[in-house]
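Trainee: Before anything else, here's the structure in question.
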Amino acid sequence: MTYHFRVHEDPDGRWAECLELEGCVTQEGISPDGKTQSLRVAMIEALELYLDDPPDSSRACPLPDARLDEDATLARVSVNPELAFAVALRRTRADRRLTQAAAARELGFPSLWSYQRLEARPNPSLKTIRRILEVFPEFPVELALR
């Protein structure tokens, strides 16, 4: 799962905004040890923080816009696979207008907590992935694993 950032330069330095996620912005900075933090590292951190705890936690984050892949002027930032899986699952559930409890029931989870772990930092078994694809055939597993 790869999101797209537009990099801007101004007199104070460089900053970047994620085009798919409103409010996901960052800038080059100084790390606690006094060294300059690269914009690339800052984009990765900002993206993962945003996806892990979106500003409006009642809504799922939008998935990346594949049409932006064609724009060579944009910076691309990949999400680690565990977080990508969680984001894709939240988005799929939201698109179906299901609560976490309803999704847990549909997937046959023994408890709400078992399902909530999948939307946090998952490490699903192949059996769980198969069940997700049976219940949610639209789940973008290929996007989550890229």
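The values are calculated or read from the model by the stated rules, or taken from the named source; none is laboratory data. Source: prediction; values computed, not measured. Backbone-built Cβ (ideal geometry, glycine too); neighbour counts: all protein chains shown.
Trainee: Kindly indicate whether Ala103 is surrounded by fewer than 14 Cβ atoms within 10 Å (Cβ to Cβ), of a type in the set (Gly, Ala, Ser), without any contact (Cβ under 8 Å) to a residue 40 or more places away in the chain and under 20 Å from Leu63 (Cβ atoms). Give the steps one after another, and end with the answer.
Mentor: Working: surrounded by fewer than 14 Cβ atoms within 10 Å (Cβ to Cβ): no; of a type in the set (Gly, Ala, Ser): yes; without any contact (Cβ under 8 Å) to a residue 40 or more places away in the chain: yes; under 20 Å from Leu63 (Cβ atoms): yes.
Considered against the rule, which asks whether it is surrounded by fewer than 14 Cβ atoms within 10 Å (Cβ to Cβ), of a type in the set (Gly, Ala, Ser), without any contact (Cβ under 8 Å) to a residue 40 or more places away in the chain and under 20 Å from Leu63 (Cβ atoms), Ala103 comes out as no.
Trainee: A further question on this structure: Take the range 97-145 and flag every residue that is part of a loop (DSSP other than H, G, I, E, B) and either touching a Ser or Thr at 6+ places or on another chain (Cβ under 7 Å) or among the small types (Gly, Ala, Ser) (or both). Walk me through how you get there before you give the answer.
Mentor: Residues of the range 97-145 that are part of a loop (DSSP other than H, G, I, E, B), as a first pass: 97-99, 108-111, 120-125, 136-140.
Result: Gly108, Ser111, Ala120, Ser125, Phe136, Glu138, Phe139.
Trainee: Check the range 79-96 and report whether any residue there is more than 30 Å from Ala16 (Cα to Cα) and part of a loop (DSSP other than H, G, I, E, B).
Mentor: So the first thing to find is which residues in the range 79-96 are more than 30 Å from Ala16 (Cα to Cα), and the list is 96.
This time we only want the ones that are part of a loop (DSSP other than H, G, I, E, B), so: 96.
Yes; the residues of the range 79-96 include at least one that is more than 30 Å from Ala16 (Cα to Cα) and part of a loop (DSSP other than H, G, I, E, B).
Trainee: Counting only residues that are small (Gly, Ala, Ser) and part of a helix (DSSP H, G or I), which one in the range 42-78 is farthest from Ala16 (Cα to Cα)? Walk me through how you get there before you give the answer.
Mentor: So in the range 42-78, the residues small (Gly, Ala, Ser) come out as 42, 46, 57-58, 60, 66, 72, 75, 78.
This time we only want the ones that are part of a helix (DSSP H, G or I), so: 42, 46, 66.
Working: Ala42: 9, Ala46: 10, Ala66: 19 Å.
This residue is Ala66.
Trainee: Of all residues in the range 93-131, which are modelled with pLDDT of 90 or more and within 22 Å of Tyr3 (Cβ to Cβ)?
Mentor: Hits for the range 93-131 are Arg93, Ala94, Asp95.
Trainee: Something else about it: In the range 106-127, how many are closer than 22 Å to Val79 by Cα, surrounded by fewer than 16 Cβ atoms within 10 Å (Cβ to Cβ) and without any contact (Cβ under 8 Å) to a residue 24 or more places away in the chain? Before the answer, list the steps.
Mentor: As a first pass, look at the range 106-127 and keep what is closer than 22 Å to Val79 by Cα: 115-126.
Now restrict to residues that are surrounded by fewer than 16 Cβ atoms within 10 Å (Cβ to Cβ): 116-117, 120-121, 123, 125-126.
Now narrow it down to the ones that are without any contact (Cβ under 8 Å) to a residue 24 or more places away in the chain: 116-117, 125-126.
Qualifying residue count for the region: 4.
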